[in-house]
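The structure under discussion appears below in the form of structure tokens.
Every read-out reported here was derived from the displayed coordinates using simple, explicitly stated rules and does not represent laboratory data. On a predicted model such as this, the values are computed, not experimentally measured, just so you know. Cβ placement follows ideal geometry from the backbone for every residue including glycine, while neighbour counts extend to all protein chains displayed.
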Amino acid sequence: MLTDGKATVVSAASAAILFTQIQNDGIPFGYHQANCHNIAHYICLLAKAQNITLAKIWAFTPGIYTASSRRVISFTDQNKLSPTGKIDWGYHVAPVILVEEEGAVVKMAIDPVLFPEGPVPYKAWLDRIKTKKLIYLLMDAEWYLFNTSYLNNTQLEFFDMQTDEPVKPNVIFPYWFANKCVTDFFKYEEDSLLYAWLEKGLAVNDTASEFYENEIKPILDDPSASALLKDYRDLVGNVFNFETVFRDYMYNYEMNIDFYERHALIIEEYRNVFNTHVEKWKQKVAELGILL
């Protein structure tokens, strides 16, 4: 949860300077389908490198925290990239900066995708993604991502892989969260650090944005390219398909052998693009020289 006194309190001027730096750092905000957790975590690293400790706000839809609902955050894809025309988020997360204004400390969300003008009070951020029965948590910045389960927190027992003894979860949720299926949070360490989830997530967004600009945008209004546009939307507009092909080198029911054969050359080209972006983000993270 949010530890009192851990996040840095800054002036409005300092918050504005940090926001400008965030906008100018090359963070891939243009692909809206996924990876808000990686963008948020990188922003927290960027701020920490300047001795500013941020927090995070996590918003969960019923589609994530309960097995009995499919309700998610849903909005029109302005880039016309999604195969359905909509973008769906089961959750969303943004960094939070504590800003002193007229003697009061205000929790401000940093989300250039939803609010490109600057930080906004976190309740304004929640209003923008308003969904029925949305719940939120304010958390320390080091919590990178969360686990979910078909069992809720009152039913689930935590076990160490080395023993049969139950162990405590990383995060003790408030009592009103007890019946939710978001079961625990974890830090950017162990497997996530070893396999560069952060850098690969940012590279996914970079590569998808590049694919959109170079391959999809020029044919959006070309009736003769409708079949190709459908394939490209299936590939890039669905982040699970995109990650399957470019990050994981795998197949699924849409990204099947026939699809690979039809688009072998461009898949090979953008796998190289993806790998280049991964190395770029590894270098940028290494240059920051910190972990949360």
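Table for the structure above
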read-out	value
Dipole of region 226-282, positive direction: furthest Cα of Leu265, Asn238, Asn252, with charges on the beta-carbon	Asn238
Size descriptor, Kirkwood hydrodynamic radius, that averages inverse alpha-carbon separations across region 85-213, Å	17.7 Å
Within region 162-249: Cβ-based charge dipole about Cα centre, in debye rounded to nearest 20 (Lys, Arg +1; Asp, Glu -1)	320 debye
Base-10 log of normalised Debye intensity for region 214-290 (one unit scatterer per alpha-carbon) at q = 0.12, 0.13, 0.20, 0.27 Å⁻¹	-0.41, -0.47, -0.91, -1.31
In region 90-197, trypsin sites (Lys or Arg not before Pro) in a DSSP loop with at most 13 other beta-carbon atoms within 10 Å	Lys130, Lys132, Lys133
Residue of Val99, Val167, Val72 that the Gaussian network model of the chain assigns the largest fluctuation, springs spanning Cα pairs under 10 Å	Val167
Hits among lysines - C-alpha to C-alpha of Lys200 under 20 Å, sequence gap 8 or more where chains match	Lys187, Lys280, Lys282, Lys284
Potential extension, Met1-Ala286 segment - 0.36 nm per residue separation minus Cα distance	99.9 nm
Estimated [θ] at 222 nm from DSSP helical runs (n ≥ 4, -39500 (n - 2.57)) normalised by residues in the chain, nearest 500	-10000 deg cm²/dmol
For region 11-109, alpha-carbon Rg relative to the globular expectation (2.2 N^0.38 Å, N residues)	1.26
Loop-resident sites, region 182-289, for chymotrypsin sites (Phe, Trp or Tyr not before Pro), counting at most 12 other Cβ within 10 Å (DSSP)	Tyr195, Tyr249, Tyr253
Simple Cβ-charge dipole of the chain, Lys/Arg +1 and Asp/Glu -1, about Cα centre, in debye nearest 20	880 debye
Under 18 Å from the Cα of Lys80 - aspartates and glutamates, other chains or at least 8 residues apart	Asp88, Asp206, Glu210, Glu213, Glu215, Asp221, Asp222, Asp231, Asp234
Reach of Lys132 by Cα under 18 Å, taken over lysines that are not fewer than 8 positions away in the same chain	Lys86, Lys123, Lys180
